[in-house]
Amino acid sequence: MSSIFAKHRHSNAITISCFGEVLWDYFAEEKRLGGAPLNVCLRLNALGIKTEILSAVGADAFGDELLEALRERNIGIDFIAVDPVK
């Protein structure tokens, strides 16, 4: 039995949507994209499966940078709200 992921890999036949937090994880000298739902999107995307994340970011430099990082990785961001309240 083959999985739906193996069958539709590298096609636009399916899109996996993940819902939850997106954030920056800060380490001693670097920061990385984080949040469990986003990590799932990133891993599936690395396998060639189209993904999108449903979440929110702040209307600030951190939020802008996060959105740009997701664009660069081809993660769908159409359902990320930008919250102007700081």
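The values are calculated or read from the model by the stated rules, or taken from the named source; none is laboratory data. Predicted model, so just to flag it, every value in this text is computed and none were measured. Backbone-built Cβ (ideal geometry, glycine too); neighbour counts: all protein chains shown. The protein model used for the area step is the full one, side chains on, heavy atoms only, and it has no ligands, DNA or RNA in it. Shrake-Rupley method; radii C 1.70, N 1.55, O 1.52, S 1.80 Å.
Does residue 74 satisfy being assigned to a helix (DSSP H, G or I) and open to solvent by 20 Å² or more (accessible area, probe 1.4 Å)? No: the conditions fail for residue 74. Taken over the stretch 51-66, the criterion of being outside any loop (DSSP other than H, G, I, E, B) and surrounded by fewer than 16 Cβ atoms within 10 Å (Cβ to Cβ) is satisfied by 56, 58, 61, 62, 64, 65. Looking only at the stretch 11-50, residues that are in contact with a Lys or Arg (Cβ under 9 Å, 6 or more places away or on another chain), surrounded by 13 or more Cβ atoms within 10 Å (Cβ to Cβ) and assigned to a strand (DSSP E or B) come to 3 in all.
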